[in-house]
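Down below is the structure, laid out as structure tokens.
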Amino acid sequence: MRATFEAWVDSHQDQIIAETQKILRIPSVNEPESVGEGAPFGKPCADALEHTLALCAALGMRTENFGGYAGHAEFGPEDAPEMVAMLGHLDVVPVGSEWTKEPFGAEIEGDWLFARGASDDKGPTYAALFGAKAVLDSGLPLTRRVRLIFGCDEESGWECMRHYFEVAQQPKPDLAFTPDAGFPLYYAEKGSFTLTATKPIGESLVATFSSGLRPNMVPDEAEVVLIGAPDRLAYIAKTLKRKRTFKVTDEGDKALRIWAKGKASHGASPQKGINAAQKLAEALFDLFPEPWLSELVERCACDGSGIGIAGKDEITGPLTCNVGIVTVLDGTLSMTFNVRYPATWDESVLERAQASLTSDGWTITELHHTAPLYVPQDAEPVRTLLKVYRDHTGDRSKPLTMGGRTYATTVAPNGVAFGAGMKGDPEVAHRPDEKFSITRLLFCAKLYADALYQLANC
Ligand SMILES: [Zn+2]
């Protein structure tokens, strides 16, 4: 079988490269200005989906577009009860600055194909698409149907998969992979939730406090405005002006503005950053010990102990907790926690976090949860995919786990992230001059063909 797929890819190289360039030239960044009927994330994302589905239809697959949120292409026995799927995303993050190449030019230089989305995730997705075509053209019998699922909102709100599975009520695949991470494969992804809670702070010197922009980033700046007796404020100003990481400005005789600098980090590794809100609250508490300030400091603990949920498992390691947004407005403190919890834990961690807050007078105002993914290493699809990877590469590296999140969580526990990065690859995703190797593109088409075929018959 493998030789058949390899021969197909070898004789269709030009087509595979040309079609990958075409999809890379569609600037499928989320674009609120052009949202409309059939284009819930804007026109470019809708175009990328329509273009891809039209290609799949031309290649002989049955296609369906679900309102521009997501779509699929399918082949294999229509009446087969079970289905194997590849899930890839066609949206990309914004271009950003410092590019030396045309971000949507899909220029080729040597072995590299340059474009936003080349490696994340259009290149790997198209490798799987043409791998699927190699299986289709082989005419080999399939026990399960094969489905290619394309989403358009992976980089933003994940409405694509919610729509596909919950609104459009599409069945969960029985076995699946997403080519949106690295090889050999990721069999566990932490669960995560984002929770916002509020509490009145009572009489306070603090008029406003604000820190952080996004739940999943460690805030690197925090600012507070104090209003109070001039001599008291003068004392606070004098003390803080001696410290380098604080900036103090007088705002008239009864107000003082203080600005603190921390260090940004991704919300999945809060211990690598310095939470500016926590740091500022700590400094303020030393100067005027209002109880809510020390509570704020404690609740910011990176290990989740501040909301009673610290812990770890053997598979994905310790829970992490990032307090990404902190505000005080009109006497109310609001904190937004972004928690990633061990993959083998269940949802009771949510209840424990909520209870730790509500029992202390907090109100939960917002809660979003994503369940973890954990596929035991001796279960499918891990067994088959690992075997395919090892057959094709000779690399015996162990499967991996991650704190982040891929489409695999939406089909848990039936799917894993499988490729297309490899150890030693340059870090290019979300960065300027994103690129994907043409050698890898063709290699992955062969490997994904074999993977889809094996999964369809295992
Ligand atoms: Zn991605």
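The values are calculated or read from the model by the stated rules, or taken from the named source; none is laboratory data. Since the structure is predicted, the reported quantities are computational estimates derived from the model, not experimental observations. All Cβ positions, even for glycine, are placed from backbone atoms using ideal geometry, and neighbour counts span all protein chains on display. The accessibility values were calculated without ligands, DNA or RNA, using every heavy atom of the protein model including side chains. Shrake-Rupley method; radii C 1.70, N 1.55, O 1.52, S 1.80 Å.
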Per residue accessible area in Å² of region 1-151, where ligands, DNA and RNA are left out and the probe is 1.4 Å | 38
In degrees, nearest ten, helix 276-287 long axis to first principal axis of the chain (Cα) | 10
Enumerate the amide H contacts of THR178 below 5 Å, restricted to partners 5 or more residues apart or on another chain; note that Pro and chain-start residues carry no placed amide H.
-> LEU87, VAL416, ALA417, PHE418
Rounded accessible area per residue of region 192-370, 1.4 Å, Å² = 47
Quotient of Cα Rg and 2.2 N^0.38 Å for region 192-370, N being how many residues it contains = 1.05
Treating only the Cβ atoms of Lys and Arg (+1) and Asp and Glu (-1) as charged, compute the dipole magnitude of region 68-210 about its Cα centre; round to the nearest 20 debye.
-> 320
On average, how much area does the Cα convex hull of region 220-302 cover when viewed from any direction, in nm²?
-> 5.3
Across region 189-195, in residue order, what do the Karplus-derived ³J(HN,Hα) couplings come to in whole Hz, using 6.51 cos²θ - 1.76 cosθ + 1.60 with θ = phi - 60° and x for Gly and Pro?
-> 10, 4, x, 8, 8, 10, 10
Would you work out which of SER437, SER204, GLY157 lies farthest towards the positive end of the dipole of the chain? Charges go on Cβ: Lys and Arg +1, Asp and Glu -1.
-> SER204
Write out the trypsin sites (Lys or Arg not before Pro) in region 361-404 meeting two conditions: DSSP loop, and at most 14 other Cβ atoms within 10 Å of their Cβ.
-> ARG396
Identify the trypsin sites (Lys or Arg not before Pro) of region 218-276 meeting these criteria: DSSP loop state and at most 15 other C-beta atoms within 10 Å of the C-beta.
-> ARG242, LYS243, ARG244, LYS254
Computed over the chain, the relative contact order (Cα-Cα under 8 Å, seq sep at least six) in percent reads 23
Quote the charge dipole size of the chain about the Cα centre in Debye, to the nearest 20; the model charges only the Cβ of Lys and Arg (+1) and of Asp and Glu (-1).
-> 1180
Using Cα atoms only, what is the angle between the long axis of helix 2-11 and the major principal axis of the chain, expressed in degrees (0 to 90) to the nearest 10?
-> 90
The chain: antiparallel bridges as % of DSSP beta bridges, rounded to 5, reads 80
Carbon and sulfur atoms: what percent of the 1.4 Å accessible area of the chain do they account for?
-> 50
Read phi for every residue in region 163-179 and hand back ³J(HN,Hα) as whole Hz from Karplus 6.51 cos²θ - 1.76 cosθ + 1.60, θ = phi - 60°, with x for Gly and Pro.
-> 5, 4, 8, 9, 7, 7, 6, 6, x, 5, x, 7, 9, 7, 9, 10, x
Enumerate by residue number the trypsin sites (Lys or Arg not before Pro) in region 402-446 meeting two conditions: DSSP loop (anything except H, G, I, E, B), and at most 16 other Cβ atoms within 10 Å of the site's Cβ.
-> LYS423
Using alpha-carbon coordinates, inclination of helix 438-457 to the longest axis of the chain, degrees | 80
Beyond 36 Å, the calculated P(r) of the chain holds a percent of Cα-Cα pairs equal to 37
Taking GLU221, GLU290, GLU159, GLU78 and ranking on accessible area (1.4 Å, protein atoms only), highest first, one gets GLU78, GLU221, GLU159, GLU290
Under the definition of Cα pairs under 8 Å and six or more residues apart, what whole-number percent is the relative contact order of region 1-127?
-> 25
Mean Cβ neighbour count within 10 Å, used as a protection proxy, ranking 21-28, 106-113 highest first | 21-28, 106-113
